[in-house]
Amino acid sequence: MLFNSFHFAIFFPVVFILYWALPDKFRVYFILASSFYFYMSWNAKYIVLILFTTIISYYAAILTEKFPRVKKFILIITLISCLGVLFVFKYFNFFADSLVKFLSLFTIQLHPVTLRLLLPVGISFYTFQTLSYVIDVYRGDVKAEKNFCAYAAFVSFFPQLVAGPIERTSNLLPQIKAPKVFKYEQAMYGLKLTAWGLFKKVAIADVLAVWVDEVYGNVYAYKGSVLLIATLFFTIQIYCDFSGYSDIARGCAKMMGINLMENFRSPYFSASIKEFWSRWHISLSTWFRDYVYIPLGGNRVKPFRHNLNLMITFIISGLWHGANFTFIIWGAVHGAAQVVENFFTKNKHNEAHGVIWGLRVLLTFTFCMFAWVFFRAQSINEALYVFANIFNGAGNFTHYLHIGFKNIGVNNPMLMHLFILISTMSLYEQFPVFGKILHEHKNLRRLAYVMLGLVIIFFSPKGVVTEFVYFQF
């Protein structure tokens, strides 16, 4: 079930009404039933995988507290079990194929073994959420949850089940269990956040996706500025698509009296790659910080080891995103950029003003945009083709861009329309003064809501519902 589907437009209002109509003691069970229905509407059989991961981690945490002498062994078994499921469904074919190709270099021929399995939606997200719970119990940071239904509701909470944010136990689980009182202001804020997320998804991301998919679906048919424009469009698309999902997830949870963590903070206004990763997919970047980077030694070691820790963390992060060498390279590129930054800067965040800050933001954005080529390309060869041909004809830059927009089918009215929508989104999210103006002027705020609603309705898909980009991870 997709947030931008008619199915969800019926599902959530029903859930919202019943949720607040039920007594507190029944809400945990209702969240669990609603979440299972939400997931099973995609593929009913794969609910078994969530149940398996939930049961393993639930009992592992209890046994960890009961038998502290063997808690390390319990943790290892849990990691093997949960990550084993993730490996089979997401990485087995990739590693099997890579092994066959590697051995062929030494004239050792093997027949590749391929599993015909559908990648379960959200498996990377709920696997990491359960692992963080077990590790936190192992460390003594949280207590093991004895109520299985409450824990299962925490794992499968439908707003953030398939694409995050990856919530921590200490934040989400107590909220699921806590008694709640309906608050109109809270519900309205959640509704506005949901509308804002839908705006970014249907009015910007889905519009840009048409051109991006056309070009990156057959990159060898294009050269020059078409590749540059498609890459720029994808840079904006993936942000609007993924942050849009996170806004909808947070908005729906807010309407149910639950606060999910903020997952994006205007990342394209970052003045360094380190700052970018403190603003982009925050729930994942902090997960890798706490459960990979810091256990490796973090920055409390010698400079070489510190930089190695960065590279290992970002390479694993790239692999988390997908079973393809392009994702590994994308992660490695971001890790290498931070290593370079460590040599030249102290990585302190600059205040958001000044020419130097603006130049650093532009440089960081440009780096991220070109790094996205590895993320979007289907293979390393495709990515290298893009880099080799992206600046063909760029000698006359104005003509270069004009030809690109013409060849991709973007005319001046379309370009102006996109510029207005993207600028509005960027200014509103980066500069709080615009939100403050809306808050202080009721009529202006109402007009903004009406216009936002009209844009969403106008751009909503007619008969075709597009998935969110991060569903594939």
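The values are calculated or read from the model by the stated rules, or taken from the named source; none is laboratory data. Nothing here was measured: the structure is a model prediction, and the numbers come from that model. All Cβ positions, glycine included, derive from the backbone under ideal geometry; neighbour counts span all protein chains shown. Ligands, DNA and RNA are stripped out before the accessible areas are found, and what is left, the full protein with its side chains, is counted by its heavy atoms. Shrake-Rupley method; radii C 1.70, N 1.55, O 1.52, S 1.80 Å.
Filter the range 7-39 down to the residues that are under 23 Å from the mean Cα position of the chain (by Cα) and open to solvent by 70 Å² or more (accessible area, probe 1.4 Å) and list them by number. Scanning the range 7-39 gives His7, Tyr37.
Number of residues in the range 245-281 that are under 18 Å from Gly122 (Cβ atoms), open to solvent by 10 Å² or more (accessible area, probe 1.4 Å) and either in a helix (DSSP H, G or I) or hydroxyl-bearing (Ser, Thr, Tyr) (or both) equals 2. A Cβ distance below 7 Å, combined with a sequence gap of six or more or placement on separate chains, defines the contacts here; from the range 5-27, residues that are in a helix (DSSP H, G or I) reach residues that are open to solvent by 80 Å² or more (accessible area, probe 1.4 Å) in the pairs Trp20/Phe182; Asp24/Pro179.
Contact map, the range 141-168: first residue in a loop (DSSP other than H, G, I, E, B), second residue basic (Lys, Arg), Cβ cut-off under 8 Å, separation 6 or more or different chains; pairs are Asn147/Lys177; Pro165/Arg250.
Looking at Leu75, Leu86, just one residue is within 23 Å of Gly318 (Cβ to Cβ) and at pLDDT 90 or above, and that residue is Leu86.
Per-residue answers, yes or no, for (1) in contact with a Ser or Thr (Cβ under 8 Å, 6 or more places away or on another chain); (2) of a type outside the set (D, E, K, R); (3) at pLDDT 85 or above:
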| residue | (1), (2), (3) |
| --- | --- |
| Val410 | no, yes, yes |
| Leu418 | no, yes, yes |
| Glu429 | yes, no, no |
| Lys436 | no, no, no |
| Ala448 | no, yes, no |
| Phe459 | no, yes, no |
| Val464 | no, yes, no |
| Glu467 | no, no, no |
| Tyr470 | no, yes, no |
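So is Val181 out of contact with any helix residue (DSSP H, G or I) (no Cβ under 7 Å at 6 or more places or on another chain) and either in a loop (DSSP other than H, G, I, E, B) or modelled with pLDDT of 95 or more (or both) or not? Step through it out loud before you land on a result.
Working: out of contact with any helix residue (DSSP H, G or I) (no Cβ under 7 Å at 6 or more places or on another chain): yes; either in a loop (DSSP other than H, G, I, E, B) or modelled with pLDDT of 95 or more (or both): yes.
Yes; evaluated as a whole, the condition is true for this residue.
Restricting to the range 219-241, what's the tally of residues that are under 20 Å from Thr466 (Cβ atoms), open to solvent by 10 Å² or more (accessible area, probe 1.4 Å) and small (Gly, Ala, Ser)? Result for the range 219-241: 0. Criterion applied to Tyr216, Tyr222 was being touching a Lys or Arg at 6+ places or on another chain (Cβ under 6 Å), over 19 Å from Met414 (Cα atoms) and modelled with pLDDT of 90 or more, and the one residue passing it is Tyr216.
When each of Lys192, Lys223, Lys200 is tested for being touching a residue at least 24 places away in the same chain (Cβ under 8 Å) and not in a helix (DSSP H, G or I), the lone residue that passes is Lys223. Test of understanding: among Ile312, Ile356, Ile294, which residue is closer than 19 Å to Gln430 by Cβ, open to solvent by 50 Å² or more (accessible area, probe 1.4 Å) and among the aliphatic types (A, V, I, L, M)? On inspection, the qualifying residue turns out to be Ile356.
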